[in-house]
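Below is one structure, written out as structure tokens; comments come after it.
Where a number appears in this text, it was derived from the coordinates with a stated rule and is not lab data. Nothing here was measured: the structure is a model prediction, and the numbers come from that model. Virtual Cβ from ideal backbone geometry, glycine too; neighbours counted across all protein chains shown.
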Amino acid sequence: MRKLLLALAVAGGAAWWWRRRSSSSSSAETWTASSEPATYEPPKLGGDVDPELLAILACPLDKHPVTRQGNYLVCGECLRHYPIRDGIPVMLIDEALTPEQAAAAP
Ligand SMILES: [Zn+2]
């Protein structure tokens, strides 16, 4: 009798698990994709930036448009160099190279 109850409990648990899995799989995948970029490797400098994105980007310091120079987006006003990492422009003043740093970089 005990074995039968145990078997029923296992079967019920499996059915519950399967229902749960099949009903929520699509939303779970979306959630995982948006919240976990899975960046185990450090991002590489450079990459392709969407031209439309490039057109709307501006320097966070003085709001001047930026132009691409190699792996950086360079502000036309303060000449700060904003790095592009894996195709994603990092428009942060803290991450940017100053004109002096950019001149010293290879
Ligand atoms: Zn600027």
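Brief remarks on what is shown
- Residues L45, L92, L57 arranged by fewest to most Cβ contacts within 10 Å: L92, L45, L57
- Neighbour-count ranking [beta-carbon atoms within 10 angstrom, fewest first] of C59, C75: C59, C75
- Length gained on full extension, D86 to D50, computed as 0.36 nm times the residue gap minus the Cα-Cα distance: 11.8 nm.
- Counted charge near R80, where neighbours are those whose Cβ lies closer than 10 Å (Asp, Glu -1; Lys, Arg +1): -3
- Seen from L92, the other residues with C-beta closer than 12 Å to its C-beta sum to a net charge of 0, counting Lys and Arg as +1 and Asp and Glu as -1.
- Neighbour-count order for H64, H81, fewest beta carbons within 10 angstrom listed first: H64, H81
- Charge tally for P65 (other residues, Cβ to Cβ under 14 Å; Lys, Arg +1; Asp, Glu -1): 0.
- When Rg and Dmax are taken over the Cα atoms of the range 45-87, they come to 9.5, 25 Å.
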